[in-house]
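To keep things clear, I will list the structure first and then write my remarks on it.
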């Protein structure tokens, strides 16, 4: 295998933009997978895609040309050293810059060998060579396990747009007789009606004396199992590569979990791996919940229209555009009452109880945000800090930097368990701790990202 593989594969697939932070420039999709190379090293595959209509083009030599720049920084978190810090440049060429004529996006892959048994962080910064201040960032933290042939383990799951048999070993999407085209944003639905996947299993030889099943399941965001398919393991080798597809066209819009498990007798789990994916479906949503009895027992049955409108305003950070449009079309008090009940019921994380615990937690955070983050005449829940607090909960750690020389006051919030670890940086608009704080930088997906935030903290 080559030490570094950089491939460019043009592919046009349909992407529907979701509800995104207005300041976020979406020009890059990114993901990664880790597979075994030998007992001490693993293969890190980085998948990414640039959106062609986000770049500035210059007409040269009968073509419109642009350059996409990907900065890659891989850090060994245990040794606190950078393994890689490099920029890769990809040329984009077209005869027509009309949005409808541009190719939707370009899927690419980088492959590296890295030491196993260590913690790493990976930063990917996409930018336009002609407009370098316009950036989009993806950030990952992960541990690379030791994959050996005696300890049963399952690699990461690579989400794909297609998996086909192939003999083209020159293709860098080639894996053991297969052409595996990655899907960096993990989004399916509409014209991507099937989710393709690839993963590897190691150390099966030690399990040859016991019955072992391979279970591949789909779960909803609340942990409810939607589907599963099970097959018995018959070939107990040191290594096995697995691929297949799942029809996701019948799923409703939302987030899901693909889980792969090696299960022994009594269904005890020997090894497992999981991957989150997203489903956009224009024709199916989670809008309707049939639970008339639960609704009649709920407190919403007595709500006034003013109470309902007030509640719907407060869930600004949770509701979708579809829900907003639907609510605005409602004409009767009963329709609004049922809508608000259904809104919370769809998000109920403990469906076996009649109480809507998710709503209780929301209002607990809402009240705390109002108390902690009020700014001048602005209610705490409407501030940047209040919004992040409500959506993601209290941070695990808050670093407060006040009255430092030539620097605006700022706070760094750390979330250890959100998206594999994330930070939010809030800066103050004035030089005292009584000013208004705003979000300057975050590694949370779909939040404002600015890798040059430290420069902006310096006071003029």
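Scanning the range 42-65 for residues that are touching a residue at least 60 places away in the same chain (Cβ under 8 Å) and either within 21 Å of residue 187 (Cα to Cα) or touching a helix residue (DSSP H, G or I) at 6+ places or on another chain (Cβ under 8 Å) (or both) returns 45, 46, 47, 48, 49, 50, 54. The sole residue among 184, 211 that is surrounded by 14 or more Cβ atoms within 10 Å (Cβ to Cβ) and in a loop (DSSP other than H, G, I, E, B) is 184.
Just to verify a result, which residue in the range 286-344, among those that are closer than 21 Å to residue 221 by Cα, out of contact with any helix residue (DSSP H, G or I) (no Cβ under 8 Å at 6 or more places or on another chain) and outside any helix (DSSP H, G or I), is modelled with the lowest pLDDT? By that ranking, first place goes to 290.
For every residue, the table says whether it meets (1) in a loop (DSSP other than H, G, I, E, B); (2) modelled with pLDDT under 85.
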{"site": "195", "(1), (2)": "no, no"}
{"site": "199", "(1), (2)": "no, no"}
{"site": "205", "(1), (2)": "no, yes"}
{"site": "215", "(1), (2)": "no, no"}
{"site": "218", "(1), (2)": "no, no"}
{"site": "222", "(1), (2)": "yes, yes"}
{"site": "229", "(1), (2)": "no, no"}
{"site": "236", "(1), (2)": "yes, yes"}
{"site": "242", "(1), (2)": "no, no"}
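Each row is one residue, and each column tells you yes or no for (1) closer than 18 Å to residue 259 by Cα; (2) modelled with pLDDT of 95 or more; (3) more than 24 Å from the chain's Cα centre (by Cα); (4) assigned to a strand (DSSP E or B).
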position	(1), (2), (3), (4)
138	no, no, no, yes
141	no, no, no, yes
146	no, no, yes, no
150	no, no, yes, no
156	yes, yes, no, no
159	yes, yes, no, yes
162	no, no, no, yes
167	no, no, yes, no
171	no, no, yes, no
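Of all residues in the range 405-423, those satisfying the criterion of being in contact with a helix residue (DSSP H, G or I) (Cβ under 8 Å, 6 or more places away or on another chain), over 13 Å from residue 395 (Cβ atoms) and surrounded by 18 or more Cβ atoms within 10 Å (Cβ to Cβ) are 408, 410.
Mind telling me which of the residues 94, 75 ends up being more than 27 Å from residue 420 (Cα to Cα) and touching a strand residue (DSSP E or B) at 6+ places or on another chain (Cβ under 8 Å)? Break it down stepwise before answering.
Details: 75 fails: more than 27 Å from residue 420 (Cα to Cα).
Among 94, 75, only 94 is more than 27 Å from residue 420 (Cα to Cα) and touching a strand residue (DSSP E or B) at 6+ places or on another chain (Cβ under 8 Å).
Quick one: would you say residue 126 is part of a strand (DSSP E or B), touching a strand residue (DSSP E or B) at 6+ places or on another chain (Cβ under 7 Å) and buried (at least 16 other Cβ atoms within 10 Å of the Cβ)? Talk me through it step by step, then tell me what you get.
On the way: part of a strand (DSSP E or B): yes; touching a strand residue (DSSP E or B) at 6+ places or on another chain (Cβ under 7 Å): yes; buried (at least 16 other Cβ atoms within 10 Å of the Cβ): yes.
When the stated conditions are applied, residue 126 passes them.
Could you check the range 357-401 and list, in sequence order, the residues that are without any contact (Cβ under 8 Å) to a residue 40 or more places away in the chain, more than 26 Å from the chain's Cα centre (by Cα) and either part of a loop (DSSP other than H, G, I, E, B) or crowded, with 20+ Cβ neighbours inside 10 Å (or both)? Within the range 357-401, 374, 377, 379, 380 meet the criteria.
The values are calculated or read from the model by the stated rules, or taken from the named source; none is laboratory data. Nothing here was measured: the structure is a model prediction, and the numbers come from that model. Every residue, glycine as well, gets a Cβ built from its backbone with ideal geometry; the counts of neighbours run over all protein chains shown.
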